[in-house]
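Student: First the structure, then my questions, so here it is.
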Amino acid sequence: CFAARGDLISIQVLDTRNITNNQAFVDNELSQIVSDQFSLESVQYGFWLYKITYETIDIHGNPHIASGSVSIPRVDWPQLPGEEAFPILSYQHGTVIEKSSVTSSNGEWILNAILTGSGYVYVEPDYLGLGESEGRHPYQLAEPYGTSVVDMLRATRQLDTQRDDFKLNNQLFLAGYSEGGYATMA
């Protein structure tokens, strides 16, 4: 089963919204948490939200199956997907208490709706020990967090080759929690 780090194992649709439904969701969520002094540009896309599983390694180099969520811009008729290629924005969330308290288990939330609606492929790894991953979560250990992120990015690139309704460009944006460590793509 473990051919290489970052190999995409499975894809499951969690949710989808067209541009109108996505804008209504964003407006509703923002109206509950911010005042009239804050506004965002209107969303440009709906989205497809997927749960993916992929191959990664733990801190000891042992193979593991990990999960995460990937949200891609949805282009609907009468528009055609065309030749537009989207950048990846990987969000590294902070620690969660419950194994199932991750987007790949809970479904959509405001961040993926806004960012995918703005034209980013939104990637959020669950980390080892959370989501579909077996074992304990390596709390506050940078290396296994980093390998989960890097390997999920590899799996997202494979998702790009399996679908013809979106393409990735070569831009990568990282946001969120940082332990100060890093992992390489090697």
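The values are calculated or read from the model by the stated rules, or taken from the named source; none is laboratory data. These numbers come from a predicted model, not from an experiment. The area values use the complete protein model at the heavy-atom level, side chains included, leaving out ligands, DNA and RNA. Shrake-Rupley method; radii C 1.70, N 1.55, O 1.52, S 1.80 Å.
Student: Regarding residue 24, is this residue closer than 22 Å to residue 124 by Cα and modelled with pLDDT of 80 or more?
Tutor: No; evaluated as a whole, the condition is false for this residue.
Student: Given the range 82-186, what strands (runs of 3 or more DSSP E) lie entirely inside it while holding 2 or more residues that are modelled with pLDDT of 90 or more and more than 13 Å from the chain's Cα centre (by Cα)?
Tutor: Result: 85-92, 167-176.
Student: Hey, can you tell me all the residues within the range 27-48 that are β-branched (Val, Ile, Thr) and modelled with pLDDT of 90 or more?
Tutor: 43
Student: Across the range 49-63, which residue is modelled with the highest pLDDT among those that are part of a strand (DSSP E or B) and open to solvent by 30 Å² or more (accessible area, probe 1.4 Å)?
Tutor: First, pick out the residues of the range 49-63 that are part of a strand (DSSP E or B): 49-57, 63.
Then drop every residue that is not open to solvent by 30 Å² or more (accessible area, probe 1.4 Å), which leaves 57, 63.
Details: 57: 83, 63: 86.
The selected residue is 63.
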